[in-house]
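What follows is a set of notes on a single structure, which appears directly below.
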Amino acid sequence: MKTGIDLISFYSSNYYLDLKTLAAARGADYNKYAIGIGQEKMAIPPPDEDIITMAASAALPILQKIDPKDIELVLFATESGIDQSKAGGLFAHRLLGLPSRCRSVELKEACYSGTAALQMAMAVVQRTGKKALILASDVARYELGSPGEPTQGCGAVAMLVTRDPRILAVDLESGMYTEDVMDFWRPNYRDQALVDGKYSTRVYLNALAETWKQYQELSGRSFADLYRFCYHLPFTRMAEKAHERLAKTSGQEKLSAKALQEQLGDTLHYNRITGNSYAASLYVGLASLLDHATEDLSGKRIGLFSYGSGCAAEFFSGVIQDGYRPHLFAENQRKLLEGRTELTYQQYEDIYNLPFPTDGGKHTFAQYRTGPFRLAGVSEHKRLYEKIL
Ligand code: CAA
């Protein structure tokens, strides 16, 4: 029985900082960002947007197309959680009007948790025939002026997981890899990640080699059996390096720029202008591929590599389903990204430095441009969300 992604929807902030602006403020060469790491813009959440509002905004278009009462599982994947106890999916559950007969938990393992959610959701869906909603949502935040700063970003992907999916039927075989390493982490008392940047890229590539080796052995498939490749995207140049490495490991001739562009290019468009969205990032790449491929991808097998620092990784694949195109939300995503507001450097720094109230008092947040949901304020340490449609 086929299971996999029935619908997929991407949402990001309505605000961004152009990396030309950041380069000027840091005295850096813009080409280091645009070519060296492959990023042009980074999405910045305004003070009334957070992982919950982004996740709910990503999910709403999906819920408008289905009967929500079929959803019996909500998995919220994030590494920028807003509460040490309560799962993010519970806030989203109310905002989205989901049925009370539902399981809901939050999953964490850096950027890998979206894939853990997908695998767990498929197991439940296979057993019950019901539907699962995955919400992968993150804000990537590093210290101002640090090497990680130009790789910040934010975004959320919502995925409906069902039997006989309309978008991607996921194959059974997976290569998996876990190792206790300190390449990137965020202790509970910090709101910015700590990272050993160069080391993290080496661990990423090693995890790719390990998972790919297993995937090949288990599936009997080779590099040539996969039509396109989606990688976890901390920044787009990382995926290009990963793909070059995978091709080499698989005994391919050195990839030409044309082949690299063909096999990978369409997966990178959204990330290049929104930045890292951690748990959502791999699936932002998948949405980008589906929305931008000019050819019909029906029947094509796609390779997916998920990497979460710390680290856990997985290489798996899936087949794009016949007639997938009318079920995409490409038009929503185009409108959002084309209609964004550019921030000045000062506005970016002001938003970055704005402290979140922790005194337990009542605070109302100024209204910025958001999707259909916003964080209206906080009172008695409780976040207050509202629907603004
Ligand atoms: N024109 C063109 N290219 C230029 C350039 C210029 N003017 N100046 C520099 N470059 C190139 C460099 O040659 C280098 O290329 P190579 O990687 O091919 O050698 C590239 O730009 C980057 O330059 P640096 O190596 O000097 O960059 P850096 O040390 O300042 O930072 C980074 C790079 C370590 C990736 C940093 O951005 C970082 O720490 N990022 C956060 C961590 C991260 O994203 N890690 C990825 C793997 S971990 C993961 O995937 C999980 C996750 O989501 C975080």
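The values are calculated or read from the model by the stated rules, or taken from the named source; none is laboratory data. All values derive from a computational prediction rather than experimental measurement. Neighbour counts are summed over all protein chains in view; Cβ atoms, including those assigned to glycine, are modelled from backbone coordinates with ideal geometry. The area values use the complete protein model at the heavy-atom level, side chains included, leaving out ligands, DNA and RNA. Shrake-Rupley method; radii C 1.70, N 1.55, O 1.52, S 1.80 Å.
Checking every one of the trypsin sites (Lys or Arg not before Pro) in segment 237-301 against DSSP loop status and a limit of 11 other Cβ atoms within 10 Å picks out K254. Toward the positive end of the charge dipole of segment 107-189, with +1 on the Cβ of Lys and Arg and -1 on the Cβ of Asp and Glu, the farthest Cα among T128, L107, L160 is that of T128. Cα centroid separation, segment 91-110 to segment 273-308: 24 Å. Site pair R186 and R26 shows an inter-label distance of 1.8 nm when each label is modelled 7 Å from Cα along Cα→Cβ. Note on segment 292-389: along the principal axes its Cα atoms extend 55, 36, 29 Å, ordered by decreasing extent. Extension gain for L354 to D196 (0.36 nm times residue separation, less C-alpha to C-alpha distance): 54.3 nm. Does segment 211-324 come out rounded, prolate or oblate, given a ≥ b ≥ c as the square roots of the eigenvalues of its C-alpha gyration tensor, rounded meaning a/c under 1.5 and, failing that, prolate meaning a/b above b/c? Verdict is rounded for segment 211-324.
Shape class for segment 130-234, computed from the alpha carbon gyration tensor (a ≥ b ≥ c): oblate, with a/c not under 1.5 and a/b at or below b/c.
Quick one: dipole size for segment 279-380, taken about the Cα centre, charges +1 on Lys/Arg Cβ and -1 on Asp/Glu Cβ, in debye to the nearest 20.
On the way: 9 positive and 12 negative charges, 39 e Å.
Computed about the Cα centre, the dipole is about 180 debye.
In whole Å, what three semi-axes, largest first, describe the equivalent ellipsoid of segment 61-121 built from its Cα gyration tensor (square root of 5 times each eigenvalue)?
In descending order, the three semi-axes are 20, 14, 10 Å.
Rg and Dmax, both from the Cα atoms of segment 1-125 and both in Å, are 17.7, 56.
Go through segment 88-152 and name the trypsin sites (Lys or Arg not before Pro) that are in a DSSP coil and have 12 or fewer other Cβ atoms within 10 Å of their Cβ. All intermediate terms of the calculation are to be shown ahead of the outcome.
Details: sites: R94, R101, R103, K108, R127, K130, K131, R141; in loops: R101, K108, K130, R141.
Here the sparse-neighbourhood loop sites are R101.
Once the C-beta distance of R94 and E380 is scaled by a Förster radius of 22 Å, the resulting FRET efficiency is 0.80 to the nearest 0.05. Straightening the chain between R334 and K300 buys 9.8 nm, computed as 0.36 nm per residue apart minus the Cα-Cα spacing.
Loop-located trypsin sites (Lys or Arg not before Pro) across segment 1-65 with a Cβ neighbour count of 16 or fewer within 10 Å are K2, K65, with loop assigned by DSSP.
Helices in the chain, meaning DSSP H runs of at least 4 residues, each add -39500 (n - 2.57). Divided by all residues, the mean residue ellipticity at 222 nm is -10000 deg cm²/dmol. In the context of the full set of protein chains, residues of the chain present 42 Å² of accessible surface per residue (probe radius 1.4 Å, heavy atoms only).
Diffusion coefficient of segment 269-315 by Stokes-Einstein, Kirkwood radius over Cα pairs, 10 °C, 1.306 mPa s: 132 µm²/s. On the chain, 49 percent of the accessible area sits on carbon and sulfur atoms, based on a 1.4 Å probe. Taking label positions 7 Å along the Cα-Cβ direction at both K258 and A209, the computed distance is 3.0 nm, reported to one decimal. 3J(HN,Hα) along segment 152-157: 6, x, 7, x, 9, 10 Hz, from the Karplus curve 6.51 cos²θ - 1.76 cosθ + 1.60 with θ = phi - 60°, whole Hz, x for Gly and Pro. The shape of segment 48-184 comes out oblate: with a ≥ b ≥ c from the C-alpha gyration tensor, a/c is at least 1.5 while a/b does not beat b/c. The mean sequence separation of alpha-carbon pairs under 8 Å and at least six residues apart, normalised by the residue count of the chain, gives a relative contact order of 25 percent. Full extension of the chain segment joining Y345 with Q126 gains 74.0 nm, where the gain is 0.36 nm per residue of separation less the Cα-Cα distance. Normalised by the number of residues in segment 238-317, what is the relative contact order in percent for Cα pairs under 8 Å and 6+ residues apart? Dividing the mean separation by the residue count of segment 238-317 yields 19 percent. Taking every alpha-carbon pair in the chain and binning the separations at 20 Å intervals from zero gives 30, 61, 9, 0 percent. Long hydrophobic helices in the chain: the complete DSSP H runs spanning 15 Å or more by Cα along their own axis with mean Kyte-Doolittle hydropathy of at least 1.6 are 51-63.
Between E40 and K69, the FRET efficiency from the beta-carbon distance, with R0 = 41 Å, is close to 0.45. Springs join every pair of Cα atoms under 10 Å in this Gaussian network model of the chain, and among V124, V157, V170 the largest mean-square fluctuation is at V124. Which residue, A87, A58, A136, has the most motion in a Gaussian network model of the chain that connects Cα atoms within less than 10 Å? Of the options given, A87 has the highest mean-square fluctuation.
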